[in-house]
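Accompanying notes for the structure given below.
The values are calculated or read from the model by the stated rules, or taken from the named source; none is laboratory data. Given the structure is predicted, the values throughout are model-derived calculations rather than measurements. Every residue, glycine as well, gets a Cβ built from its backbone with ideal geometry; the counts of neighbours run over all protein chains shown. SASA here: full protein model, heavy atoms, side chains in, ligands and nucleic acids out. Shrake-Rupley method; radii C 1.70, N 1.55, O 1.52, S 1.80 Å.
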Amino acid sequence: MVDERREERAKRLLDDSLLVESSDVLETELMALWETTGAHDVDQRESFWLALRLLVRIKAHITSIVETGHMAKILEKQHPYI
């Protein structure tokens, strides 16, 4: 039951228009900042790149929660006594 609630919460996050918009805006801003750093500004460019990677990892983690819950439901239907 706890896993089902966790999956539902993750789905709501992925479907939340404000969160999606915020994530998209942040990704666009970080990409623009990363692309416009100077050739010798390695530290700043790396900082923007790391922020982009973190954003991707957060989205992937939330998506993984939904997918894991979905797979658990499928397995439960196929093998209800396990």
Let's test the formula: R0 of 25 Å, r as the Cβ-Cβ distance of Asp16 and Trp49. What FRET efficiency results, to the nearest 0.05?
0.45
Restricting to DSSP H runs of at least four residues, report the calculated mean residue ellipticity at 222 nm for the chain, -39500 (n - 2.57) per run over all residues, nearest 500 deg cm²/dmol.
-30000 deg cm²/dmol
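Go through Ile74, Ile62 and list them by solvent-accessible area, largest first, probe radius 1.4 Å.
Listed by decreasing accessible area, they come as Ile74, Ile62.
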Residue by residue, what Karplus-based ³J(HN,Hα) values in Hz, rounded to whole numbers, does region 49-62 have, using 6.51, -1.76 and 1.60 with θ = phi - 60° and x for Gly and Pro?
5, 5, 5, 4, 4, 5, 4, 4, 5, 5, 4, 5, 5, 5
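For Phe48, what is the net charge nearby, where nearby means another residue's Cβ is under 13 Å from its Cβ and Lys, Arg count +1, Asp, Glu -1?
Around Phe48, the surrounding residues sum to -4.
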